[in-house]
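This report concerns only the one structure given below.
Coordinate-derived values only; no laboratory data. What you see is a predicted model; the values in this text were computed from it and never measured. Note that each Cβ is placed from the backbone with ideal geometry, even for glycine, and that neighbours are counted across all protein chains shown.
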Amino acid sequence: MDAIAELESRVKQRAVPRHVGIIMDGNGRWAELRGLPRLEGHREGSQSVREVTRSARRIGVSALTLYAFSSQNWSRPPDEVAGLMELLREYLVKERDEIMGNGIRLAAVGELDKLPRYVKEPLDALREASASNTGMVLTLALSYGGREELVVAVQAIAKKVAAGQLRPEDITEDTLSQATWTSALPPVDLVIRTSGEQRLSNFLLWQTAYAEFVFSPIAWPDFRGREFAEALLHFQTRERRFGLTGAQLRRAGT
Ligand code: FPP
């Protein structure tokens, strides 16, 4: 067994997080350190996307959500935005066989109508083709912002109230969860952020209420299957208390 397979088999012996979210940070710095254009960092980062997705699938993670392009990223220099959109298109076209072959369902969250047609079309095609796959849900957060998502969710709820279909006192946490773009996904168990920064940057604000965080100093282009399995092993050392005490949890046998 090679080193990565051994790490993955160790992860599988304990509780595997159902939903992992990743903030793929550090592509630009990775490239700049090597005297390369920033886009080369994003290109190498696409290879990490492939390898980490494979590893998550082998380990048995049910949902993997990748923060690929934030609502705020539209303000980057136009050539970087265009380069990222090209890379996304390339990924959606080239990865089709891999995604279908591995029984992965591709999903997307964000203000998807803002994406150029040459990204939106292959995205919609792969979402549709993979809709009945049951292996793992791979969600790309594209033109995504957590605050933007909550505004849209609250607007949808307010419309129901205004139309007399919902009483304000009947609004629950579940009402809001159902109105988010991730309504079909379980809550996030683990957020991984690469490249040393320790912040959420508008990623899945509602869904990460009880998530554990693993911050890696490694830049995303160097973050591969081994680093992913190590992050999951790290997660498995944490005691998740959900507001209870450690003693209460031990009594409940969880
Ligand atoms: C953050 O690094 C990364 C992004 C804004 C884009 C992430 C995109 C990819 C990994 C490639 C394409 C995605 C897919 C799904 C194929 P940064 O540029 O902010 O890095 P820096 O902080 O070092 O500048």
Single unsatisfied condition, Leu205 versus (1) closer than 30 Å to Leu176 by Cβ; (2) over 13 Å from the mean Cα position of the chain (by Cα); (3) more than 16 Å from the ligand (Cβ to nearest atom); (4) surrounded by fewer than 19 Cβ atoms within 10 Å (Cβ to Cβ): (2)
Per-region count, segment 230-247, residues in contact (Cβ under 8 Å) with a residue 12 or more places away in the chain, more than 15 Å from the chain's Cα centre (by Cα) and either part of a loop (DSSP other than H, G, I, E, B) or within 27 Å of His42 (Cβ to Cβ) (or both): 7
Qualifying residue in segment 4-24 (condition: closer than 19 Å to Arg76 by Cα, of a type in the set (A, V, I, L, M) and not in a helix (DSSP H, G or I)): yes
Conditions (1) part of a helix (DSSP H, G or I); (2) farther than 24 Å from Glu32 by Cβ; number of the one not met by Glu227: (2)
Residues satisfying the stated conditions in segment 10-48, i.e. in contact (Cβ under 8 Å) with a residue 12 or more places away in the chain and more than 11 Å from the ligand (Cβ to nearest atom): Arg10, Val11, Lys12, Arg14, Ala15, Val16, Pro17, Arg18, His19, Val20, Gly21
Segment 87-98, residues that are more than 10 Å from the ligand (Cβ to nearest atom) and either under 17 Å from Ala141 (Cβ atoms) or without any contact (Cβ under 8 Å) to a residue 12 or more places away in the chain (or both): Asp97
Test: residue in segment 141-164 that is surrounded by 16 or more Cβ atoms within 10 Å (Cβ to Cβ) and β-branched (Val, Ile, Thr): yes
Residue that is part of a helix (DSSP H, G or I) and among the small types (Gly, Ala, Ser), where the choices are Ala141, Ala158, Ala131: Ala158
